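The values are calculated or read from the model by the stated rules, or taken from the named source; none is laboratory data. Worth saying up front: this structure is predicted, and the values here are computed from it rather than measured. Glycine gets a Cβ as well: all are built from the backbone with ideal geometry, and neighbour counts include every protein chain shown. For the accessible areas, the whole protein counts, side chains as well, though only heavy atoms, and no ligand, DNA or RNA atoms are used. Shrake-Rupley method; radii C 1.70, N 1.55, O 1.52, S 1.80 Å.
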Amino acid sequence: MAKLELLIFDVDGTLADTERDGHRVAFNRAFKDAQLDWDWSVELYGKLLAVTGGKERIKYYLSNFNAAFNAPADLDGFVAELHKQKTSHYIKLMEEGAIPLRTGVERLLNEARQAGVRLAIATTTTPSNVSALLKNTLGSESESWFEIIAAGDIVPAKKPAPDIFTHVLKELNLSPDVCVVLEDSSNGVKSSTGAGLKTVVTVNGYTQNEDLSGAILILDNMGNPDDAFTVISGDAHGQTHLNLDLLNAL
Ligand code: XBP
Ligand code: MG
């Protein structure tokens, strides 16, 4: 590939395994506060992850799993308020240090920064969730490591649409061939490859059986020098952990 200039990180499932014990728990706490008898089990949440975006996910749940609910006339307003409460619960969980970064993430970020490789974020989650995760895992400085944090409703269509990635490329005025994306899910890979971007996937409990075709490399995690990754598919070019040599060889 042309010399790597930019790494674009997805957030949920990639930087940290936030869905099962983070977002899902926050949704359930917001439902309880609103006196709703909704309870998103680990299994049900796995089905609901087919839809990206928390507000969209609540509507998907109502139309596909709880059609009997007597929704208020202003459904958008109801969902927006519920999602706002969910976000404050999620931020509290981040402040409590509930979810650590995934293996190799901090190491790769530091390697990239030392080598002058630019960093960006492209995520479907709400911007304040990204700040809370970064602040509480990497410190308040860490937000400034990323030249752009493209998140949530900033684009008309969320993943799997390519919008969030094309937005990053446009804002940074870079062509796809000098970038690599780190993702975790089928929706993410569809979005990044839809924007013409090479994509490395680190799977997790919810995404390991998803259709990840289009990813150039699929790993169990990013690994570390003393903690090798497992290659699920693709060519790791003899490397034992995700580093700049491997990313430049893709
Ligand atoms: C994952 C998502 C988000 C989160 C919930 O985003 O789809 O919707 O599940 O966050 P990504 P919100 O993998 O692109 O980081 O409730 O704030 O949407
Ligand atoms: Mg993700």
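Counting every alpha-carbon pair across region 148-249, the share separated by more than 23 Å comes to 28%. For the residue pairs 170/198; 3/198; 59/135; 84/170, alpha carbon separations beyond 24 Å are given by 59/135; 84/170. Kindly report, to the nearest 10 Å², the accessible surface of residue 19 as traced by a 1.4 Å probe over protein heavy atoms only. Accessible surface of residue 19 is approximately 30 Å².
Principal-axis analysis of the Cα atoms of the chain puts helix 54-65 at an angle of about 60° to the longest axis. Given a 1.4 Å probe and the protein chains as shown, residue 27 ends up with an accessible area of around 0 Å².
Any idea what log10 I(q)/I(0) is at q = 0.08, 0.14, 0.17 Å⁻¹ for the chain, Debye with uniform C-alpha scatterers and no solvent? Each listed q maps to, in turn, -0.30, -0.91, -1.31.
Computed from point charges on the beta carbon alone (+1 for Lys and Arg, -1 for Asp and Glu), the dipole magnitude for the chain about its Cα centre is near 380 Debye. Summing charges over neighbours of residue 54, with a neighbour being any other residue whose Cβ is under 14 Å away from its Cβ, gives +3 when K and R count +1 and D and E count -1.
How many angstrom lie between the C-alpha centres of region 30-44 and region 204-250? Using only Cα atoms, the two centres lie 35 Å from each other.
Compared with the alpha-carbon gap, the fully stretched path from residue 70 to residue 175 is longer by 33.0 nm at 0.36 nm per residue. Tally up the carbon and sulfur contribution to the accessible surface of region 187-250 as a whole percent, 1.4 Å probe, everything protein left in place. Reported share for carbon and sulfur atoms: 46 percent. With contributions of -39500 (n - 2.57) from each DSSP H run of at least four residues, the per-residue ellipticity at 222 nm computed over the chain stands at -12000 deg cm²/dmol. About its Cα centre, the dipole of region 63-136 is roughly 340 debye, where the only charges are +1 on Lys and Arg Cβ and -1 on Asp and Glu Cβ.
Note down the nm distance, to one decimal, between modelled labels 7 Å out along Cα→Cβ at residue 232 and at residue 84. Simple spin-label model gives 3.8 nm for this pair. Charge dipole (Cα centre; +1 on Lys/Arg Cβ, -1 on Asp/Glu Cβ; no other charges) of region 19-95 amounts to roughly 120 debye.
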